[in-house]
Amino acid sequence: MSPKSPFENSRRIFLRSVGGALLIPSVAQAICEPPGAPGSARPWRADCRPIRARRPASTLAAAEIQKLKDAYKAMRDLAVSDPSDPRGFTHQANIHCWFCSVSPQPVHGNWQFFAWHRAYLYFHERILGKLINDSEFRLPYWDWEISTHRQMPGAYTTPNNNTNSLWNGTRAMSPTDELPDEDVNEDVMEPVYSAANFGEFGGGAGYSGIPEGSPHGSVHVDVGGFSGDMGAFDTAGRDPIFYAHHANVDKLWSDWNKGASSHENPSDPAFLNLSWSFYDENRIWRSIKASQLLNHETQLRYNYGLSRFREILPCILDWIIVRPPWKFDRPVIVEPRYRDQIVKALDNRRPVRLHINNVQVPLDKSAVYRVYADPKSAEADEGPKSPAFLGVIPVVLNNREKHHPPKPPQVVLNVSRRISALLHSPDGIQLAFVERPAKKAKATGKAQLLTAREVYFSYGETIRE
Amino acid sequence: MVKRFANKAWCLVLVATLVLPAMAGSSKEFVLDLPQGIDTASSVVLVLSEVRLPRNAAVVLRVRVAESGAAEVALGSIGVLAESKDAEGTAVHAALRIDVTKTLKRWRKDHPGVNAMRIRVVPYAGKEPLASLEWSAASADLKPGA
């Protein structure tokens, strides 16, 4: 059967047929071909380039973004000017196509997944550097595990058309769409970082590790949707975001290795002697073994900066819920047993969050509502500088169907630095909200008591410190 | 009178056409036994066995706790890439594994002592659930780690 894609509308068909053909004509017609059969490969030689960092794509300076775009443009141009050159974009994309859907040596669904993709990106990165004559060029990574980086990095979507060598017209995600939180949030990432052994993390000879499905696979499908290039093994390499996504997947492996002394790679010769061949930046057919990939810094000459997420996450074992008996028609004095729990967490510098589910705010228009810990402060509406300011609740109507109100929002407010004094207030806490005025407009002062289906706290338990 | 009835009947048919596929649609429900030791396990993995998907389908399978009248609780998700957009036939995945350690632990705090739970697995592509995807899974089981 052939399921109908919910995204398969006329615009997408147009983009795929016209946009793809204009930008990457040879890729659009590509078939899954072997990367090459030029006889026996020469062994990979030790890399003596300077060690340079792969960095988050969202932090690249304008000149670095331009360099990245120049490199991919050169690779795309090469595919047109010399279709037989294995360094051209078509051939580079088809490497994934071959190894992932045709090759008798599948590199998904088993312990080859992390190692093979590391090798693939390594040679791809060297070719990009060669094409712009910069041996210090390193791929950026899309650090989607950070909650503020869930959109595709701007370089890949700006401009969002075929003048951008990092663009791909088959994506289901728009530049303003975000990856679904549940595919990449801490519930997903913490088990990845804390996987007890390589089998759990990276799989074995006949099975995959947990992260290959999620977050890796989920991000592929979130970006590509049902019919976009990123959603299929044979076409994923046609989207430049693939390489930023997989650089982040490679970083997961690196971070997992660093996470604990027990996080060791397999010592089984069957793994260490796995070997694959790629063209290098000088069109030389090279073979490289898994054992030659395990230390990316000393062997492959790149490293990763410390992830802001990892600085916090490994210490958080769980979010402990503290649920005071909240009523909305009177101020709540947080009872000592709850208050002590939260204060202790704050004293220990643990993150504290306030959860408000199914909050009752006006849903008939797009607006931002400020939440305060007491009605007087909401009336004064001094914004973030107020000690009672807790955060905001955004309400965004559906762009296409403005007459359909969204569901009552569920919000999580980080209150680690704000709630401490309020917990001790003899007047208690009574949440209130007020619509945030437009820029330069005066506050309306129409504060209202906030009601919701449930309100509770949680704090990060960090006993692993 | 007849015309009004005909209109109503037509509306019912229309509603059924629009709503029923989405409800029955592509989601599958399973009842999971919660094995002993699940509360103290260092990890808990949900294993979907013998998952059959069209070879040309790229989907994220999202797992929810199926409780009537309650807000949806997300347990986890897994992305499965298509082999090729032009591929035909069905791919069989022997086991798809989703780590649900943290989400299940959170759910258990509100459901102590419960020894079974009902889950719903909903296939998505992009932001929307797929209403007409033909797929199946032979079973779903929770496997506690050491």
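Data for the structure
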item: Condition met for residue A:223 (closer than 30 Å to residue A:81 by Cβ, within 14 Å of chain B (Cβ to nearest Cβ), in contact with a helix residue (DSSP H, G or I) (Cβ under 8 Å, 6 or more places away or on another chain) and in contact (Cβ under 8 Å) with a residue 40 or more places away in the chain); result: yes
item: Among (1) more than 14 Å from chain B (Cβ to nearest Cβ); (2) polar (S, T, N, Q); (3) touching a helix residue (DSSP H, G or I) at 6+ places or on another chain (Cβ under 7 Å), the one test that residue A:218 misses; result: (1)
item: Conditions (1) more than 8 Å from every other protein chain (Cβ to nearest Cβ); (2) loosely packed, with under 14 Cβ neighbours inside 10 Å; number of the one not met by residue B:109; result: (1)
item: Residue identified as touching a Pro at 6+ places or on another chain (Cβ under 6 Å) and either farther than 14 Å from residue A:123 by Cα or buried (at least 22 other Cβ atoms within 10 Å of the Cβ) (or both) among A:57, A:62, A:71; result: A:57
item: Criterion (surrounded by fewer than 23 Cβ atoms within 10 Å (Cβ to Cβ) and within 14 Å of chain B (Cβ to nearest Cβ)) met by exactly one of A:232, A:260; result: A:260
item: Complete set of residues in region B:127-140 that are facing chain A (nearest Cβ under 8 Å) and surrounded by fewer than 16 Cβ atoms within 10 Å (Cβ to Cβ); result: B:127, B:128, B:132, B:134
item: Among residues of region A:362-383, those that are under 19 Å from residue A:423 (Cβ atoms) and not in a loop (DSSP other than H, G, I, E, B), counted; result: 6
item: Top-ranked residue of region A:235-257 - restricted to ones that are outside any loop (DSSP other than H, G, I, E, B) and touching an Asp or Glu at 6+ places or on another chain (Cβ under 7 Å), ranked as surrounded by the fewest Cβ atoms within 10 Å (Cβ to Cβ); result: A:248
item: Single residue of region A:344-361 satisfying the filter (polar (S, T, N, Q) and assigned to a loop (DSSP other than H, G, I, E, B)) that is modelled with the highest pLDDT; result: A:360
item: Residues that are more than 22 Å from residue A:258 (Cβ to Cβ), in a helix (DSSP H, G or I) and more than 8 Å from chain B (Cβ to nearest Cβ), drawn from region A:171-192; result: A:181
item: Qualifying residues in region A:90-135 (those that are in a loop (DSSP other than H, G, I, E, B) and at pLDDT 95 or above) - the one surrounded by the most Cβ atoms within 10 Å (Cβ to Cβ); result: A:111
item: Count of residues meeting criterion [at the interface with chain B (Cβ under 8 Å from one of its Cβ atoms) and under 25 Å from residue A:152 (Cα atoms)] in region A:193-210; result: 1
item: Candidate set: region B:112-126, residues that are in a loop (DSSP other than H, G, I, E, B) and loosely packed, with under 15 Cβ neighbours inside 10 Å; chosen: the one nearest to the other protein chains (Cβ to nearest Cβ); result: B:112
item: Residues located in region B:106-129, provided they are free of Cβ contacts under 8 Å to residues at least 60 places away in the same chain and over 16 Å from the mean Cα position of the chain (by Cα); result: B:106, B:107, B:109, B:110, B:111, B:112, B:113
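The values are calculated or read from the model by the stated rules, or taken from the named source; none is laboratory data. The shown structure was predicted, so the numbers you read here are calculated from the model rather than taken from an experiment. In this analysis, Cβ positions are derived from the backbone assuming ideal geometry, glycine residues included, and neighbour counts consider all displayed protein chains.
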